[in-house]
Structure formats: structure tokens, C-alpha cells
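Following: one structure in C-alpha cells, then a few remarks.
The values are calculated or read from the model by the stated rules, or taken from the named source; none is laboratory data. Predicted model only: the values in this text are computed from it and were never measured. Cβ atoms come from the backbone with ideal geometry, glycine included; neighbour counts cover every protein chain shown. Accessible surface areas use protein heavy atoms only, side chains included; no ligands, DNA or RNA. Shrake-Rupley method; radii C 1.70, N 1.55, O 1.52, S 1.80 Å.
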Amino acid sequence: MIQDKIRSLLKEKNGILLAHYYQRDEVQEIADITGDSLALSIEAAKTGADVIVFAGVHFMAESASILSPDKTVLLPRFNAGCALADTITAEALDEEKRKYPDAAVVTYINSSAAIKAKSDICCTSANAVRVVNSLTQKRILMIPDGNLARYAARFTDKQIIPWGGTCPVHQNLSPEDVMAVKARHPSARFAAHPECRESVLALADFVGSTAGIIGYAGKMEGSELIFGTEIGILYQLRTRYPGKTFIPASENMICETMKLTTLEDILKALTIMAPAVSVPEGVRVPAKRCLDRMLAVG
């Protein structure tokens, strides 16, 4: 079986397989660690593994390389990118910083290493509000997710300047989509990711990261949950809470690049030890400083 070959090669090469919650079921099933993007890189850095195989997208593999420069980081599908991360370039960020020279730059983890290197501090969807409120600056340039920025703005007295980027998977979920599913499941709770638009978040019983939604599913009252995030989360929800029912807010919430990686890709990457992702020191050091500042906040 291909799963056995992968596990054998991981053992032989002292490797660890990381899988994001949005990956294919069969990939999550054989992973050593599943989780949100940054949490995976942090956990991998704590291990004695020599090789990190990242079943995710490019910026995630970069984060692993930033935190574990001594390890080989393999991204089985090198063309697995992130539409949200692609909404901002280093040149565009420089131009925005010139417009707001007194603003702190808070960069969502869903961004390239080059963008992190030009930022003051990182954030995740789980700690964005805490990061913003930890800063002394009164003006905050939040990039690249405008929806996350607008969500954070609700919980601070600082001036939040949102970048215009969005995640297409979350942005395309409409209030009408949610209301239609709610009508069919009137007793269900609704949990949404903060990358969704404000009008969708207004309908939610819970707003949080992917890991946060999974945690909410375990402790919520009732047995039905409508979730507003990528449908790959279903594997974790059903595995952890088999007695509950989980309903996608939209069947169209599929990230195509997250679904690119197959077991065959992982096997090939381990066999030929490529493609590898490595962040140059000139970018890695300031990018790591940006991550470290966030980790210091908690």
C-alpha cells in the first residue's frame, strides 16, 4: 500500500508528515500532525526530525523553513499556492507603508516570507485581536486579509487600515447561503472563520480559526453544527465527534490548491527529496523576527 511506503520512507529519512486541516482525507489520515498552518510549523520545529514534508501550500512550507532552517522542508506540490497570499507583493507593501509611515504592519500568517520580512508582527486568525491590542501604535496596517482586519477592528479602539485581499473560498460564502442551510437545520449552531465577510460573521454563534471551530464543535450545546470554512475540516470533525452532525454552509467551499497534494505526490517527494522549500537568510531572519514577536504576545 502507498500509505505503508510513505510511512517506511518517513522512518528511513527521519521525516515527519504535516497536514493542514483542509487537505484530502487520506492525507490527513496518515499525517504525524494535523493542524492550522503555523501550529504545524511550531510543532515540527520541536521535533528531532531531519525532514519535514508539508502537505499544505507554499507559504506554510516557508513558515516551516523559517522556524526550522536546519531541516529539509519538502512541499510535494510546489505549485500549491494561496490566492489570499498572492493579493499583495513586497513592492505593493512598500508603497502602502509610505502612505502610512506611523502605522504598524500586522501581517496574517497567510502571506509569503518576503511579506513577513517587511512587517512588524505576524498574527493568526486565532490571535489577531490580541496582537493588534498588544501594539503601542494607534494606527495598524493589516494585510493581506481585509475581512480579518475588519473583524479585528470590532475589538479595538485602534485605527485599522485593511488591505483589499480576501480568501476566495471564504469570501464567496454569502449570508443567503448560510440562511438557506439554517432553514433546513433550524436547531444547528453556526461557526464561521473570520476570513468570511462581515455579513456572514453577523449570523455566527461562534467566530474563530479552523482549530477554534473544531474546539467549539466539541463543547457546543446541541448536536448539529453548520460550519463556514473549507470542507476539508469535515475529516477532523467527524473523526473527533462521531455522534454529531456537521453541515457545510456551502458545498462550494473548496480550496483547489489545498486539494492538489495526493499520496502519490508525497511518496514521490520523499523518494527524490524534492521539491524543497528554503527561505534565504536575508529574508528568513527578519521574517522570523516578525513571527517571534507574535509568539511573545501569545
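Brief remarks on what is shown
- Exposed loop sites, defined as GluC sites (Glu not before Pro) outside DSSP H, G, I, E and B with at most 15 other Cβ atoms within 10 Å, are absent from the longest region of the chain, namely 1-220.
- Cα-based equivalent ellipsoid, the stretch 254-294: semi-axes from gyration tensor eigenvalues, Å: 28, 16, 8
- Shape category assigned to the stretch 6-66 from the gyration tensor of Cα positions, a/c cut at 1.5: oblate
- Antiparallel beta bridges, as assigned by DSSP with both residues in the chain, represent about 5 percent of the total such bridges.
- Sum of side-chain charges, ARG284 neighbourhood, beta-carbon under 14 Å (Lys, Arg +1; Asp, Glu -1): +1
- In units of the rule-of-thumb radius 2.2 N^0.38 Å, the chain shows an alpha carbon radius of gyration of 0.99.
- Part-to-part distance (alpha-carbon centres) for the stretch 48-72 and the stretch 270-287, which is given in Å: 7 Å
- Applying a DSSP loop filter and a limit of 16 other Cβ atoms within 10 Å to the chymotrypsin sites (Phe, Trp or Tyr not before Pro) in the stretch 106-163 leaves PHE155.
- Environment charge of VAL53, counting only residues whose C-beta is closer than 15 Å and scoring Lys/Arg +1, Asp/Glu -1: -1
- Global form of the stretch 1-140, assessed from the alpha-carbon gyration tensor, a/c cut-off 1.5: prolate
- Where a label projected 7 Å from the Cα of GLU281 along Cα→Cβ would reach, residues of the stretch 117-153 with amide N under 19 Å: 117-118
- Computed over the stretch 57-194, the quotient of the alpha carbon radius of gyration and 2.2 N^0.38 Å is 1.18.
- When the P(r) is computed for the stretch 69-135, the part past 15 Å accounts for 62% of the Cα-Cα pairs.
- Cα gyration tensor, the stretch 170-298 - rounded (a/c under 1.5), prolate or oblate: prolate
- Seen from ILE247, the other residues with C-beta closer than 15 Å to its C-beta sum to a net charge of 0, counting Lys and Arg as +1 and Asp and Glu as -1.
- Computed from the Cβ-Cβ distance with R0 of 35 Å, the FRET efficiency linking SER174 to ASP86 stands at 0.95.
- Theoretical FRET efficiency, 1/(1+(r/R0)^6), r = Cβ-Cβ of LYS138 and ALA296, R0 25 Å, to 0.05: 0.75
- For the stretch 104-117, 3J(HN,Hα) computed residue by residue from phi via the Karplus equation (6.51, -1.76, 1.60; θ = phi - 60°) reads 7, 9, 9, 10, 4, 4, 6, 8, 6, 4, 4, 6, 4, 5 Hz, glycine and proline entered as x.
- Surface composition of the chain: carbon and sulfur atoms hold 50% of the protein heavy-atom accessible area at a 1.4 Å probe.
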